[in-house]
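Here is the structure we will look at, set down as structure tokens.
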Amino acid sequence: NSIAGIVNKIDRGGLLRNVAFIGKLQAVGDRDWNLAGIAGEIWKGNLDRAYADVTITGKRARAAGLVAKSDNGMDNFTVGKEGSVRHSVAKGTIDIDNPVDVGGFISSNWVLGQIEDNVSMVKVSKGEIFYGSRNIDDEGGYFSGNRLENDFVVRDMSTGASSYQRSKRVKEISLEEANKKIKGYNITASGFEISALPEDTLNRTAPKSEEYKSTQDYKSERDLAYRNIEKLQPFYNKEWIVNQGNKLAEDSNLAKKEVLSVTGMKGGHFVTDLSDIDKIMVHYADGTKEEMDVTKNTDSKVKQVREYAIAGQNVVYTPNMVEKDRVKLIADVKEKLGSVTYDSQDVRKIIGNPSDLYLEESFADVKANLDKFVKALVENEDHQLNSDEAAMKALVKKVDDNKAKIMMALSYLNRYYNIKYTDNSM
């Protein structure tokens, strides 16, 4: 629920200076938590010369273009020194379905924060043009509204309501005046461009946006399709991915929508054993999902890689796993994890007194189901096509070094997220 472009909280003594966030923020939660372009909350910290150009959307949130809440901790001696926002700019749009104190620049300055010399150009569909909360007028504005000084919105750019008496402390200026002020803030972070690393230049490493352009049969209108195929086929080269991307029908969602993840299913349930599935669920960036039937291919292009034909798509799905003999590796890993006891010194070093967490029953359940857990763990970690002995030893050592952490983490997940160790669910 709490989301920010850079940091959720600037705490006591914290300072962000000359920072920028340009992008999109979306909150899918239904609580009135913080959603802001730079920082969710400032508590006795300070923000100076910040720039946000952000598209903010959500179901329900306390949203603002720059900062959701600022607070100096009710300390009259540090007014203006702690809990301040200065010389900063907010641009973009805010559209919250069920808004909570939504403001174009800030939601709430409670108590005694200092909001000084800032410009907002944000378009707010449901909320206030600059300051979101009605507490701007509380106690005659002493704790909040009167701490807004030399703050501005921009004519024909900023939109939103101006519902409260002290909303009028925020003045409207022209775009020309705003740009002059912003130039004076000397925010350089907003123009920062990431340059190529020397090693990338030497190795002729292409940026992500360019990597398929030099491949035979590349089509610019299919670029999204190629990136989606990467999620479906993690083991294959660029030439094959371009080949597969070109096979997708124009109206296929795999060619039109950005794929976030692909999850294997069996009998209507999500599964960790991807060697035997009958469907995949594809999650898209627009929040939609789609189930697709798959059937096992008997003639995989690479012997150790399991391939599934995706019904109606003309392409295949290859789970991120390699099929090979792991009997000894699984036995070695199971031995390491099975040696951990709930009340051991290794566990106590991690969490102190384990009895305080009430995980003993869950821990026992994990140990009783180590066969299936270890199989899933090894298959997800070991992606080498060969059976390199050194690599196997390195993996076992990695488990041995972290065995107590692994067992306690799984016990926690088992307890609080109700993992089921059956063939058809996880």
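Considering every pair of different Cα atoms, what Kirkwood radius, in Å, is found for the chain?
25.6
Determine, for Glu230, Glu290, Glu307, Glu210, the number of other Cβ atoms within 10 Å of each Cβ, and report the residues in order from fewest to most.
Ordered from fewest to most neighbouring Cβ atoms within 10 Å, Glu230, Glu290, Glu307, Glu210 come out as Glu210, Glu290, Glu230, Glu307.
Cut-off 14 Å, label point 7 angstrom out along Cα-to-Cβ of Ala364: give me the residues of the range 326-342 whose amide nitrogen falls inside.
Label zone hits: 342.
In nm, to one decimal, how far is the modelled label at Lys59 from the one at Asp286, with both set 7 Å along Cα→Cβ?
2.0
Between Asn186 and Arg155, what FRET efficiency follows from the Cβ-Cβ distance if R0 is 22 Å, with the result rounded to 0.05?
0.40
Would you grab the residues whose amide H sits under 5 Å from the one on Asp151? Only those 5+ places off in sequence or on another chain, please, with H modelled 1.01 Å from N.
For Asp151, the qualifying residues are Asp117, Asn118, Lys171.
With the crude spin-label approximation of a point 7 Å out along Cα→Cβ, what separation in nm comes out for Glu193 versus Ser355?
6.4
Per 0.36 nm of contour for each residue apart, how much would the distance between Glu210 and Tyr416 grow if the chain were fully extended, relative to their Cα-Cα spacing?
Contour length minus Cα-Cα distance gives 69.8 nm.
222 nm [θ] for the chain, helices only, -39500 (n - 2.57) per DSSP H run of 4+, per residue, to 500?
-7500 deg cm²/dmol
Between the range 127-192 and the range 206-261, how far is it from one alpha carbon centroid to the other, in angstrom?
45
Given a Förster distance of 30 angstrom, what is the FRET efficiency for Asp401 paired with Glu258, based on the Cβ-Cβ distance and rounded to 0.05?
Working from the Cβ atoms, E equals 0.20.
How would Val153, Val28 line up from fewest to most surrounding beta-carbon atoms within 10 angstrom?
Val28, Val153
Under 5 Å between amide H atoms, partner at least 5 residues away or on a different chain: which partners does Ile3 have, H built in plane at 1.01 Å?
Correct list: Asn34, Leu35, Ala36.
Taking neighbour counts of Cβ atoms within 10 Å as a proxy for exposure, in what order, fewest first, do Ser167, Ser84, Ser339, Ser144 appear?
In order of increasing Cβ crowding within 10 Å: Ser339, Ser167, Ser84, Ser144.
Could you check the spin-label model distance between Lys126 and Thr341? Points 7 Å from the Cα along Cα→Cβ, value in nm.
5.8
In whole Å, what are the Cα extents of the range 327-417 along the three principal axes, biggest one first?
Dimensions of the range 327-417 along the principal axes of its Cα atoms: 44, 24, 17 Å.
Calculate, for Lys9 and Glu177, the FRET efficiency according to 1/(1 + (r/R0)^6) with r their C-beta to C-beta distance and R0 41 Å; round to the nearest 0.05.
0.80
Read the figures in this text as sums done on the coordinates, not as results from a lab. What you see is a predicted model, and the numbers here were worked out from it, not measured in a lab. Cβ coordinates were reconstructed from backbone atoms using ideal geometry, including for glycine residues, and neighbour counts include every protein chain displayed.
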